[in-house]
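S.K.: Sharing a structure here in structure tokens format.
Each value in this text was obtained by applying a stated rule to the coordinates, not by laboratory testing. Not measured: the values here are computed from a predicted model. Neighbour counts are summed over all protein chains in view; Cβ atoms, including those assigned to glycine, are modelled from backbone coordinates with ideal geometry.
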Amino acid sequence: MSRPATSPRRWRALLATLALAALAGSGCGQASGARGGDGVLVAGERGGVAGRFSFPRGIDVAADGRLAVTDRTGRVQILSDRGEPLTQWMLPKYDNGTPTGIIFDASDPSTTTLLVADTHNSRILRYSLTGRLLGQFGVYGSEPGQMIYPTDIALDADGTMYLAEYGEHDRVMVFTRSGEFVRQFGGFGSEPGRFQRPMALALSPDGRLIVADTCNHRLQVFSPEGELLTVWGGAGTGQFNFPYDIAVDAAGRVLVAEWGNHRVQVLDEEGRTLGLLGGAGAEPGRLGQPWGVAAGRDGDHAWVADTLNHRLQRFELRMVGAGPQAAALREGS
């Protein structure tokens, strides 16, 4: 007995159903959930949908635990305190390159906003947490107050902005909350007080400004006015291999994401190494060229932008300096 002919419309519907089933089975188009074990929570994998990442870079944690993350696609994502996607948006321009620095700004008690160092467009963008562009400042150039490649932002309690920049002068500039230039310090070089590609900034609880002097493989510590206080790295305490990002937790510990060593180094307030997190690899708890690190506001964990593995990882800071992972890292495995 012959079967009735299937209409072109029914064939199209059948093919669409099969395609959707294949996507669901392969996981394409669906964000992966967070998964944990051994004191590490893993969130995301490679992809362009919410909850997935393509070379995540800048990362910060809000007071309520939410995360803000940028990746190499020119996208900003807001996630829950467990790495679950909440909202996302694209930057207005990203064909020249994508941002490296991002920070929550809670200095205005009426609202929390998000600042993005739009590196390759020579400007700072301010967003609401729903992705509405509220304002921007920055003019391309090398004069005081102008910028070429801004990389990161640190904020004090009043909203004063410390901005790291490279491109010609490799310097730190200070602005008011509204974007008015105040002062600058640094300059290109390897001498103390100068920088080669300063990639990140963080303020300690006592007000010191810590700068990741990336291509000099060191951290430099300054007063808020720009006076050099000390240098960590090189022949001194702690050794670094392309420190790309830094964060300071509630206890004053300094977390350093080392792109070249595939790890996060944890220092005390004087720059002495307390322990290590990560190590090269793709397994949970291991890292691939991390670009970003952010300290949880409760002081018991840190989030890392595990860039080459296209994911985020949350480490419990009780792991620092203890257990087989830390011991193996100290032995150089």
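S.K.: Would you tally the net charge around S142, using a Cβ to Cβ cut-off of less than 10 Å, leaving S142 out, and scoring K and R as +1, D and E as -1? Before the final figure, lay out each step's value.
M.R.: Details: positive: R171; negative: E143, E165, E168.
Computed value for this residue: -2.
S.K.: Need the C-alpha centroid separation for segment 157-201 versus segment 86-121, integer Å.
M.R.: After rounding, the separation between the Cα centres reads 18 Å.
S.K.: DSSP loop trypsin sites (Lys or Arg not before Pro) in segment 204-279 with at most 14 other Cβ atoms within 10 Å of their Cβ, which ones? Display every interim value, and only then the final one.
M.R.: On the way: sites: R208, R218, R253, R263, R272; in loops: R208, R253, R272.
Sites meeting the loop and neighbour criteria: R272.
S.K.: Let's test this: bin the Cα-Cα distances of segment 131-214 at 10 Å from zero up to the farthest pair and state each bin's percent.
M.R.: 18, 52, 26, 3, 0
S.K.: Per the Kirkwood definition applied to all pairs of different Cα atoms, how many angstroms is the hydrodynamic radius of segment 211-321? Write out the running numbers ahead of the final one.
M.R.: Working: mean 1/r = 0.0726 Å⁻¹.
13.8 Å is the Kirkwood radius here.
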